[in-house]
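Notes for the one structure printed next.
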Amino acid sequence: MSELYDVTILGAGPAGISAAIYAARAGLKTLWLDKQFAVGGQMINTYEVDNYPGIPGISGMDLGEKMAAHAEKLGMVPVRENVRSLENAGEEKIIRTKKHEYRSRTVIIACGAFHKKLEIPGEEELAGMGVSYCATCDGAFFKDRITVVVGGGNTAVEDAIFLARICKKVYLIHRRDSLRADKILCDRLAECENVEMIWDTVPVEIQGEQQVSGIVIRNKKTGQERLLETDGVFAAIGILPDSEKFRNFVQLDENGYISAGEDGVTGTPGVFAAGDIRTKALRQVVTAVSDGANAVLSVQKYLLK
């Protein structure tokens, strides 16, 4: 029979890293699983994290590395395995990956979220050939070229600002007539002379043969369509929780997020949620880190019972 862990942490974004650090300090017998090669979750795709207390202006990659190094100093390094399913066996939880089956008294689900897709023709076919969901990952391929960003929140504006530094021209397409991004980001965007806003507009189709050559867009007010020539399309329209595999294990809200409060407690005894995957008002690095700490505290209380 496999060994029994006190807690298994699923995910190595800010919430998972924080949980690993607090679990190590609490002396819990911990298993830490994550499917990604690089530790840091979505954070590592952010070119600049300017609102994490104490280290303004740090890149997401650097912040992720610092957090991972902190965890490693405490002996915590994630095992690179993709969790396929969870089973509630009463006082034990069974975690199954492709190669192994693990037993744990508690589980912290901190698997984060992933980017929404535009769901338009050409997107799937040209993914990786000009269609991207991460400007900081792929922006360098479009140096001195024309790019399009779709979205109106913080991520979209951050992507447009980042691309403006290396691209000849950047179009920012938003379905509304005003941005939802923070004012400080909107002010920075206004300073980018090579960024052009296209309001009240939605993407209809991405065109190209082996490489993106243009995007068809439609004005929502007039219904008029036109072809915008571009070398790259960056979709930044939001995220979806990576929670589908847990649907029969924990309660999800109407948007697919795991129903859990600030303490991370779910409706399934011994199971906790932390970070972007749980129901919450604000999804930021700082709130994810807090979630990880709170979840471990809840684990300790549960184990003491």
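The values are calculated or read from the model by the stated rules, or taken from the named source; none is laboratory data. Just so it is clear, the structure is predicted and the values come from calculations on it, not from any experiment. Neighbour counts are summed over all protein chains in view; Cβ atoms, including those assigned to glycine, are modelled from backbone coordinates with ideal geometry.
Scanning the stretch 111-127 for residues that are of a type outside the set (Asp, Glu) and either within 14 Å of PHE249 (Cα to Cα) or free of Cβ contacts under 8 Å to residues at least 24 places away in the same chain (or both) yields a single hit, ALA127. Screening PHE162 against (1) part of a helix (DSSP H, G or I); (2) touching a Phe, Trp or Tyr at 6+ places or on another chain (Cβ under 6 Å); (3) crowded, with 21+ Cβ neighbours inside 10 Å leaves a single unmet condition, (3). Does the stretch 49-67 include one or more residues that are at pLDDT 95 or above, aromatic (Phe, Trp, Tyr), not in a helix (DSSP H, G or I) and not assigned by TED's automatic domain parsing to the domain that holds PHE162? Within the stretch 49-67 (the criterion being at pLDDT 95 or above, aromatic (Phe, Trp, Tyr), not in a helix (DSSP H, G or I) and not assigned by TED's automatic domain parsing to the domain that holds PHE162), the answer is no, since none of the residues qualifies.
For the stretch 12-32, a residue qualifies if it is within 17 Å of the chain's Cα centre (by Cα) and over 17 Å from GLY270 (Cα atoms), and the qualifying residues are ALA12, GLY13, PRO14, ALA15, ILE17, SER18.
Conditions (1) outside any strand (DSSP E or B); (2) under 16 Å from CYS134 (Cβ atoms); (3) modelled with pLDDT under 95; (4) not hydrophobic (A, V, I, L, M, F, W, C), marked per residue:
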| position | (1), (2), (3), (4) |
| --- | --- |
| THR155 | yes, yes, yes, yes |
| GLY214 | no, no, no, yes |
| GLY223 | yes, no, no, yes |
| PHE234 | no, yes, no, no |
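Applying the selection to the stretch 13-48, what residues are of a type in the set (D, E, K, R) and modelled with pLDDT of 95 or more? Once the filter is applied, which keeps residues that are of a type in the set (D, E, K, R) and modelled with pLDDT of 95 or more, the stretch 13-48 yields ARG25, LYS29, ASP34.
For the stretch 107-132, a tally of residues being surrounded by fewer than 22 Cβ atoms within 10 Å (Cβ to Cβ), over 17 Å from VAL216 (Cβ atoms) and not aliphatic (A, V, I, L, M) returns 4. Only one of the numbered conditions (1) at pLDDT 95 or above; (2) more than 30 Å from ALA127 (Cβ to Cβ); (3) not hydroxyl-bearing (Ser, Thr, Tyr) is violated by GLY90, and that is (1).
With respect to VAL212, is the statement that it is under 27 Å from LYS98 (Cα atoms), surrounded by 18 or more Cβ atoms within 10 Å (Cβ to Cβ) and of a type in the set (A, V, I, L, M, F, W, C) true? No: the conditions fail for VAL212. Regarding the stretch 244-261, can at least one residue be identified that is surrounded by fewer than 17 Cβ atoms within 10 Å (Cβ to Cβ) and over 21 Å from the mean Cα position of the chain (by Cα)? Yes - at least one qualifying residue is present in the stretch 244-261. Does at least one position in the stretch 88-102 carry a residue that is over 20 Å from the mean Cα position of the chain (by Cα), buried (at least 21 other Cβ atoms within 10 Å of the Cβ) and small (Gly, Ala, Ser)? No: the stretch 88-102 contains no residue that is over 20 Å from the mean Cα position of the chain (by Cα), buried (at least 21 other Cβ atoms within 10 Å of the Cβ) and small (Gly, Ala, Ser). Give me the residue from the stretch 252-305 that is without any contact (Cβ under 8 Å) to a residue 60 or more places away in the chain and in a helix (DSSP H, G or I) and, out of that set, farthest from LEU86 (Cα to Cα). By that ranking, first place goes to THR287.
Any residue at all in the stretch 276-297 that is crowded, with 17+ Cβ neighbours inside 10 Å and farther than 30 Å from PRO56 by Cβ? Looking for residues that are crowded, with 17+ Cβ neighbours inside 10 Å and farther than 30 Å from PRO56 by Cβ, one finds none in the stretch 276-297, hence no.
The set of residues in the stretch 36-60 being more than 20 Å from ASP182 (Cα to Cα) and surrounded by 18 or more Cβ atoms within 10 Å (Cβ to Cβ) consists of VAL39, GLY40, GLY41, ILE44.
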